[in-house]
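Okay, so here's the structure we're looking at.
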Amino acid sequence: FLLLFLSALFVQLLVINTGGFLSPFVILLYLFTLGVSFLLNVQSSISFLVFSALTLVANIVFNPQILAIFQEDPWSTILYFVSFAVIIPLAQFLMRSYHVKDALSKVLKEYIQISEKREESILKSLSELVIVTDKSFNIVSTNEAVEKALSLSDSEILNHPLLQVLPLKDA
């Protein structure tokens, strides 16, 4: 949380010192808000955004040069606050879709693990030799029948070239 606080302080100071609402770094407030909503929750991102908006309003009130600019064009201030209001539902939508994708990837990962265990149990029950290799013909997986037939351990077989483990003899 200390790192989060320091990074939020850095972003806010960067925006304030480079012109407040007129800063080219205002986009960092939106990006930081989206990042916080992904990492923590929407409430934290909303509190960051509200605190940032209050800081920017205080900057306008206490800086006479920026106050004069916003008095000439008050609609720009309204436009900035509308943009702050728009980022909150966007952060919620992105966070929900991210969590849905995360949950879906967990389910798929579990399904893959179950499939691998099922495949492993099928291979163990076979009495024939089963050797799985990669593109370079390095052995990736074998069943127990291979270990028994060759009288080698798993460590002597796995990740070794197929022709080194199974020397073929020319008739």
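The values are calculated or read from the model by the stated rules, or taken from the named source; none is laboratory data. Note that the structure is a prediction, hence the values are computed from the model and not measured. Here the Cβ positions follow ideal geometry from the backbone for every residue, glycine too, while neighbour counts run over all protein chains shown. Calculation scope for accessible area: heavy atoms of the full protein, side chains included, ligands and nucleic acids excluded. Shrake-Rupley method; radii C 1.70, N 1.55, O 1.52, S 1.80 Å.
Picking from V130, F10, S141, whose Cα lies most toward the positive end of the charge dipole for the chain (charges on Cβ: Lys, Arg +1; Asp, Glu -1)?
Checked the options; the winner is F10.
Report, in degrees rounded to the nearest 10, the 0 to 90 angle that the Cα long axis of helix 42-62 makes with the longest principal axis of the chain.
30
Only one of the values [x] 1.95; [y] 1.05; [z] 0.99 was calculated from this structure for Cα Rg over 2.2 N^0.38 Å; name its label.
[x]
Kindly state, to the nearest 0.05, the FRET efficiency for H99 paired with A68, given R0 = 45 Å and r defined as their beta-carbon distance.
Approximately 0.50, to the nearest 0.05.
Share of the chain's accessible area from carbon and sulfur, percent, 1.4 Å?
Reported share for carbon and sulfur atoms: 67 percent.
Taking the Cα centre of the chain as origin and charging only Cβ (+1 Lys, Arg; -1 Asp, Glu), how large is the dipole, in debye to the nearest 20?
Using Cβ point charges on Lys, Arg, Asp and Glu, the chain gives about 360 debye.
Based on the Cβ-Cβ distance from K148 to K169, what FRET efficiency comes out when R0 is 25 Å, to the nearest 0.05?
The value I calculate is 0.75.
Summing Lys, Arg as +1 and Asp, Glu as -1, what charge do residues with Cβ under 10 Å from the Cβ of V130 carry, V130 excluded?
That sum, taken over residues with Cβ under 10 Å, equals -1.
For the chain, what does the helix formula give at 222 nm: sum of -39500 (n - 2.57) over DSSP H segments with n ≥ 4, over the residue count, nearest 500 deg cm²/dmol?
-24500 deg cm²/dmol
In whole percent, what relative contact order does the chain give with Cα contacts below 8 Å and a gap of six or more residues?
It comes to 13 percent, rounded to a whole number.
Determine the sum of side-chain charges near E147: Lys and Arg each +1, Asp and Glu each -1, restricted to other residues whose C-beta is under 15 angstrom from that of E147.
-3
Name the shape class, rounded, prolate or oblate, that the alpha-carbon gyration tensor gives for the range 39-87, where a ≥ b ≥ c are the square roots of its eigenvalues, rounded holds for a/c under 1.5, and otherwise prolate holds if a/b is larger than b/c and oblate otherwise.
Oblate.
Determine the per residue accessible area of the range 1-156 with all protein chains present and a 1.4 angstrom probe, expressed in square angstrom.
Counting only protein heavy atoms, the per-residue value for the range 1-156 is 69 Å².
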